[in-house]
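A short write-up of the structure that comes next.
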Amino acid sequence: MLVSSGKLLEAAKAGHFAIPSANFVDEDSLRWHLQTAEEMNLPIIIALAEVHLDRLITLEEGAHIAKFYAERTSNPVVLHLDHGKSFETCKKAVDLGFTSVMLDASMESFDVNVQRTREVIEYARAHGVSVEAEIGHVGTGAKYDNNSDNIYTTVEEAAAFVERTGVDSLAVSIGTAHGLYKGTPKINFDRLHELAAAVKAPLVLHGGSSSGDDNLHRCATEGIAKINVYSDLVVAAAKEVYALQQKEAEVEDYYTYKEAAKQGMQAMLKHCFEVFATKPVTL
Ligand SMILES: [Zn+2]
């Protein structure tokens, strides 16, 4: 069933587990994520990122197919816009039936971020849609710098931001980055504990991929309610296709490749559910 993320993330926060936010890039990845979650009877957030739009899928197509499949599941499903860049994109997603949107204005000043987030909240809330914002910038793994302390979200800013916006969930920077890293990142767990204690809204971790199972399990059980994964899912799918090719030089059947990609992606998502200690939620 299609639900907004508000109550789900509150349940995750209270229950000390995290819900995976799995990016989809086409109808296949969407259906595979939903099947995995339904088989495990667990809540899932399926996310379409603005940066992935128009390569394999448009916002309209994503909304229509996601609603079609999500409404036929028995477990809770959130349809989320990941990294919306503008009010216009967030509004369009709300109008199309997304149940959760993220406005990423984290590159702006604190005050501008507050103001732009409030605009989106005003529109989204009138339509029963939850809003995620981000403060403190989560960079990319390729440019990852372990030694820079100013990458972390401060407790004062996070608490003030939630107070001033009333945002439903907040993405914070505690040491992860987007994409794949060289090596394993260093997570600032002290900062996570302080943030979880001081900030009312459930916390979100971006850049879950290749952050290390121990790190992610600790994040999920020590204060993070939603963990975004993308790279690990598509890499796992590609690895299975590659392994199939190595084993059988001449696979001529398109479906055989798709089946291999499905196995890889679903095994990785299942692994995420286990690492994040995700539990069933009844709404
Ligand atoms: Zn992100």
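The values are calculated or read from the model by the stated rules, or taken from the named source; none is laboratory data. Here the structure is a predicted model, which is why all the values come from computation and not from measurement. Backbone-built Cβ (ideal geometry, glycine too); neighbour counts: all protein chains shown.
Do we have Gly175 as under 19 Å from the mean Cα position of the chain (by Cα) and surrounded by 16 or more Cβ atoms within 10 Å (Cβ to Cβ) here? Yes, satisfied.
Sub-6 Å Cβ pairs linking a first residue in the stretch 42-55 that is more than 20 Å from Gln266 (Cβ to Cβ) to a second residue that is away from the ligand (no atom under 16 Å from the Cβ) and in a helix (DSSP H, G or I), at least 6 apart or interchain, are Leu53/Leu59, ordered by first then second residue.
Number of residues in the stretch 128-185 that are part of a loop (DSSP other than H, G, I, E, B), modelled with pLDDT under 95 and aliphatic (A, V, I, L, M): the value is 4.
Can you say whether Thr117 is within 16 Å of the ligand (Cβ to nearest atom) and over 18 Å from Ala171 (Cα atoms), as far as the supplied structure shows? Judged against the criteria, Thr117 is not a match.
The one condition from (1) more than 21 Å from Val114 (Cα to Cα); (2) touching a helix residue (DSSP H, G or I) at 6+ places or on another chain (Cβ under 9 Å); (3) part of a loop (DSSP other than H, G, I, E, B) that Leu192 does not meet is (3). Residues of the stretch 49-67 that are within 16 Å of the ligand (Cβ to nearest atom), within 18 Å of Thr99 (Cα to Cα) and in a helix (DSSP H, G or I): Glu50 alone. Tally up the residues in the stretch 32-74 that are under 17 Å from the mean Cα position of the chain (by Cα) and crowded, with 16+ Cβ neighbours inside 10 Å, please. Qualifying residue count, the stretch 32-74: 21. Going by the conditions given, is Val114 more than 18 Å from the chain's Cα centre (by Cα) and of a type in the set (Val, Ile, Thr)? Considered against the rule, which asks whether it is more than 18 Å from the chain's Cα centre (by Cα) and of a type in the set (Val, Ile, Thr), Val114 comes out as yes.
Hey, does the stretch 86-96 have a residue that's of a type in the set (Gly, Ala, Ser) and more than 26 Å from Val172 (Cα to Cα)? No; the residues of the stretch 86-96 include none that is of a type in the set (Gly, Ala, Ser) and more than 26 Å from Val172 (Cα to Cα). Note on the stretch 82-115: residues that are farther than 20 Å from Leu53 by Cβ and buried (at least 16 other Cβ atoms within 10 Å of the Cβ) total 2.
Can you find a residue in the stretch 70-77 that is assigned to a helix (DSSP H, G or I) and in contact with a helix residue (DSSP H, G or I) (Cβ under 8 Å, 6 or more places away or on another chain)? Looking for residues that are assigned to a helix (DSSP H, G or I) and in contact with a helix residue (DSSP H, G or I) (Cβ under 8 Å, 6 or more places away or on another chain), one finds at least one in the stretch 70-77, hence yes.
Looking only at residues in the stretch 68-114 that are touching a Phe, Trp or Tyr at 6+ places or on another chain (Cβ under 8 Å) and within 21 Å of Asp28 (Cβ to Cβ), the one that is farthest from the ligand (Cβ to nearest atom) is Leu79.
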